[in-house]
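Structure, as structure tokens:
Where a number appears in this text, it was derived from the coordinates with a stated rule and is not lab data. Computed from a predicted model, the values in this text were never measured in an experiment. So basically every Cβ, Gly included, is an ideal-geometry build from the backbone, and we count neighbours across all protein chains shown.
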């Protein structure tokens, strides 16, 4: 097995035993990137020079036995998390040349535990999309089959982890953008409770829904990364106060007596038969290990998609109003008035999906339509949140598919926004309610990975990690690697 | 719910996005279709329901009233598309250019 196929905890052990060095791991990772990146295209920027310097620093710490859980571990960061001095493009022409002058809080926190940044991850432009085909630069390919999408919007992160181009990635999840690509690429993707991880320095898409989280090869790695990034931040007004637990302590192989719900609305007609079967047999495995599995019903689930596609575009239309070509970003040259400059800057700086969502959001917020769309969606959001909360009075967690289908061919849905939006039906409710959800691999269909989602109540990260970890102790889907 | 051409042009003006003829036509079809999907919400009675913005109560965060070093001017201006001296350069907003 190549070193680039290992997990964080496996490499950290080798580093601590001095059986390898951060420089060796980094060079192996950079070589892997040179080898497979022409096929996978998971990066917007590869930061070779920066990575070598960080590896040297990590090695000097390791030599002094001062290594921390992520010391010397190569990481890719989604290109909407601000990295000081390193371009942060949002995969948009609008920010093609933007170089942040400060680090996002997650970068500050991550840098404290000294991983090695190998590059910035490709994504759907401004995180709007479910296939990474909306990147202004290039689409990312699924490492399991290069003719298929990796999912999105954190498709670069999921594909790079699956392809061994880094050991973990940070993504962001507004409607499924960590979990859905993790499912489609056969890795583990965790969206924590809204407010657990600071959003300061995360370029905003929909502020009441966005949350940063890890993309990793297994659940243990997910807990290690979450330990590094979770924490209260006074610079994010929606950050949850208080200390965070040690998430690695939740990694216990024990689901005895846990009540797990299977909401039947997530297993309906739109869900691929193989996906349904794989998630059902995963639930049976948990049952065999002592969990209590029960069917349940969440009748408001079918309304979540409409709520999301009103709220997210509304918030995006306000957040993206800042791109006016004045302070940073693309600016249309040769305009003759301020109005022409604004309209042309936004016409040529944004791609079709971003423009579509800004238009949709602007309409939903328009006087005369506000009550019918935006306010209505906020009220249905309350109903969905209450319904989920009631479910968690009875269940420790809910088990569902992450995506209704396996990865789809590149180009299949890109001209049909409604078909593309359907990719998110299983993941959106967690964002609407602010609850955590993880996707872990649970099977294959036609050689493409299937993901199972585990959702819990607010701040139930430890419960979710425990269930997911237990499942991975008796299955080996997460150990499969694509043959590139 | 069919959006008219004029409505598309009006929305584009509100959010300052220039559209080509082709964009306008395509968006007219796509946005109308998407809005049609939203009508599912009309089937729910929300008269007794309050709106949820965030699941947590968002409160303003106050910091102590002390000075902190600001970002250096050069850094702030480093991403400016156009500058004059220590200022962002912008179009005239009022009057003739």
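Roughly what angle does helix B:5-14 make with the longest principal axis of chain B, taking Cα atoms, 0 to 90 degrees, to the nearest 10?
The answer is roughly 20 degrees.
Which of A:336, A:317 comes first, and how do the rest follow, when ranked by fewest Cβ neighbours within 10 Å?
By the 10 Å Cβ count, ascending: A:336, A:317.
Tell me the Kirkwood radius of chain A: reciprocal of the mean inverse pair distance over distinct alpha-carbon atoms, in Å.
Hydrodynamic radius (Kirkwood, Cα only) of chain A equals 22.1 Å.
Can you tell me the alpha carbon radius of gyration of region A:370-461 divided by the globular rule-of-thumb value 2.2 N^0.38 Å?
Values: Rg = 15.5 Å, N = 92, 2.2 N^0.38 = 12.3 Å.
Normalised Rg, Cα atoms only: 1.27.
Hey, for a label at residue A:416 modelled as a point 7 Å past Cα toward Cβ, could you say which residues of region B:10-47 have their backbone N under 19 Å away?
Label zone hits: B:26-38.
Suppose only helical runs count, i.e. DSSP H with n ≥ 4. What mean residue ellipticity at 222 nm does that imply for the protein assembly as shown under -39500 (n - 2.57) per run, divided by all residues and rounded to the nearest 500 deg cm²/dmol?
Calculated from helices alone, the mean residue ellipticity at 222 nm is -11500 deg cm²/dmol.
Compute the normalised compactness of region A:182-228: alpha-carbon radius of gyration over 2.2 N^0.38 Å, N being the residue count.
1.20
For a quick check: sort A:11, A:225, A:36 by the number of other beta carbons within 10 angstrom, fewest at the front.
A:36, A:11, A:225
With angles folded into 0 to 90 degrees, how steeply does helix B:21-38 sit against the dominant principal axis of chain B? Use alpha carbons for both and round to 10.
The angle comes out at about 70 degrees.
Under a crude label model (7 Å from the Cα following the beta-carbon direction), how far is residue A:60 from residue B:7 in nanometres?
6.3
If we count other beta carbons within 10 Å of each Cβ, what is the order of A:316, B:15, fewest first?
Values: A:316 25, B:15 20.
Final ranking by Cβ density, sparse to dense: B:15, A:316.
Once you put a point 7 Å from the Cα of residue A:96 and another 7 Å from the Cα of residue B:57, both along the Cβ direction, what distance in nm separates them?
My value for the distance between the label points is 4.8 nm.
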